Amino acid sequence: MVPDNAVFAVDPSRCIGCEACVHACAECDTHRGHSLIHLEVVDRSRSTQTAPMVCMHCDSPTCAEVCPADAIKRTADGVVQTARKPRCIACSNCVLACPFGVPKMKTEFDLMMKCDMCYDRTSVGKKPMCASVCPSQALYYGTLEELERLRPRSRPTHRFRFGEQVITTKVAMMVPPDGPEHVDVAAALGAGPTGRRESLPIVGQDV
Amino acid sequence: MSEPTRVETPDLRPPEAQPRWRRDFPIDWPEDHLVARRDFTKFLVLTSFAFVAGQLWIGVKSLLGRRAPAPGAERIARLDRLAPGEAMQFAYGGEDALLMRLPGGELVAYSSKCTHLACAVVPDLERGRIACPCHHGYFDAASGRPIAGPPNRPLPRIVLETRGGWVWAVGREVST
């Protein structure tokens, strides 16, 4: 069982695009050799920003709701697992339905595989592979108290809105403390980087 | 996460108000693995009923099948076209059958339907047997009796007669 006080938080603004998580993911024993994390490039022409995407482990998993073969199951600790191999019919319904775009269809096995929060590790109290290697801790795994102490200027949220669909998740997304109640994903679809200028202090130069 | 996992449904109604199929196909692993005693009993009763009905159906079918009239005499081959050690297929009474001339010159014919699972048998006269390729069942070519493998009933024998240089099939003997 994944401990109740453990929190997995994603902070895309901290991501530096180093791909350490992508390679660490393939080392996980539940899906050895297959990286299931998504490292998205937001808008390459205008920004260097990247964003990691792990499974958010929804309270009402859309992937499982749309599965016609009843193959996607969630364990008692709220972790949505890879499709059951004897049941999965490789129809890709879950791939199309997931609001976060997490499931991956592995046609070589006719099986949907997805991030299962490194269940072999987290269920025995270890960190997921990606969070254990992330140098900027864009992927954070630990207790809520530690997270609040380390990141006083942001707060974790578990609520997202896709049009009319409100989703609550097990995995948290770090947002500004005065931000809205939900992360409204559909409203942000057309938005690009703000192009805000920041003057950063340069080493050896008086600011 | 300190708060327990909340069960949320797409239509946001409570779990009790959900349709029956949603309870039959739960998303959560523990509920999916749960087999209620009532469901298990229902499964047992229905499965045994299906077996009983299947046995009755097989019994009725075999009773009715026995009443079918025996096929009459049919001319099937010229004797001089079939050398010792050769075999040929023919149809008799709507079923495929195998006419064989044993190396000693004796003529035998059997239904070519294996008595195990009804695969077509093939002659193997050099070894004096008839082989079923499906599950490696073997029958004795001289008597039709099973000698190895899964079949345990002999092949139905076709009674042969030789009339004026022609081989005739005149009847069918099913022994159990």
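Every number here is computed from the coordinates shown, using simple stated rules; none is lab data. What you are looking at is a predicted structure, and each value in this text was computed from that prediction instead of being measured. Positions of Cβ are backbone-derived with ideal geometry, glycine not excepted, and every protein chain shown enters the neighbour counts.
Helix-derived [θ] at 222 nm for chain A: sum -39500 (n - 2.57) over DSSP H runs of at least 4, divide by residue count, nearest 500?
On the way: 6 runs with 32 residues, N = 207.
That comes out to -3000 deg cm²/dmol.
Computed from the mean reciprocal separation of all distinct C-alpha pairs, what Kirkwood hydrodynamic radius does region B:74-173 have, in Å?
When all Cα pairs of region B:74-173 are included, the Kirkwood radius is 13.3 Å.
Taking the 0 to 90 degree range and rounding to the nearest ten, how far is the long axis of helix B:37-66 tilted relative to the main principal axis of chain B, both from C-alpha atoms?
20
Mind running the shape call on region A:82-124? Use the C-alpha gyration tensor, a ≥ b ≥ c as the square roots of the eigenvalues: rounded below 1.5 for a/c, prolate if a/b tops b/c, oblate otherwise.
Details: a/c = 2.49, a/b = 1.40, b/c = 1.78.
Oblate is the answer for region A:82-124, as a/c is 1.5 or above yet b/c matches or exceeds a/b.
If you take each beta carbon of peptide B:25-32 and count the beta carbons of other chains within 10 angstrom, what is the mean?
Numbers: counts 4, 4, 12, 8, 9, 4, 3, 4.
Counting Cβ atoms of other protein chains within 10 Å of each residue's Cβ and averaging gives 6.
Could you work out the relative contact order of region B:74-173? I mean the mean sequence separation of Cα pairs under 8 Å and 6+ apart, divided by the number of residues, in percent. List each step's numbers first, then the result.
Working: 228 pairs, mean separation 24.8, N = 100.
Relative contact order of region B:74-173: 25 percent.
So who's got an amide H within less than 5 Å of the one on B:G149, skipping anything under 5 residues away but keeping other chains? H placed 1.01 Å off N, in plane.
Long-range HN contacts for B:G149: B:Y138.
Which of B:R129, B:R163, B:R37 moves the most in a Gaussian network model of chain B with Cα springs under 10 Å?
Residue with maximal mean-square fluctuation among B:R129, B:R163, B:R37: B:R37.
Nearest 0.05, what FRET efficiency do A:V124 and B:E16 give at R0 = 35 Å with Cβ-Cβ as r?
Efficiency at R0 = 35 Å is approximately 0.50.
Where is the GNM fluctuation largest for chain B (alpha-carbon springs, 10 angstrom cutoff): B:R157, B:R38, B:R13?
Comparing B:R157, B:R38, B:R13 in the GNM, the peak value goes to B:R13.
Evaluate the relative contact order of chain B (contact order divided by residue number), counting alpha-carbon pairs under 8 angstrom at least 6 apart; express in whole percent.
Values: 255 pairs, mean separation 27.4, N = 176.
In percent, rounded to a whole number, it is 16.
Could you grab the relative contact order for chain A? Cα pairs under 8 Å, six or more apart, rounded to a whole percent.
Numbers: 371 pairs, mean separation 53.7, N = 207.
With pairs under 8 Å counted, the relative contact order is 26 percent.
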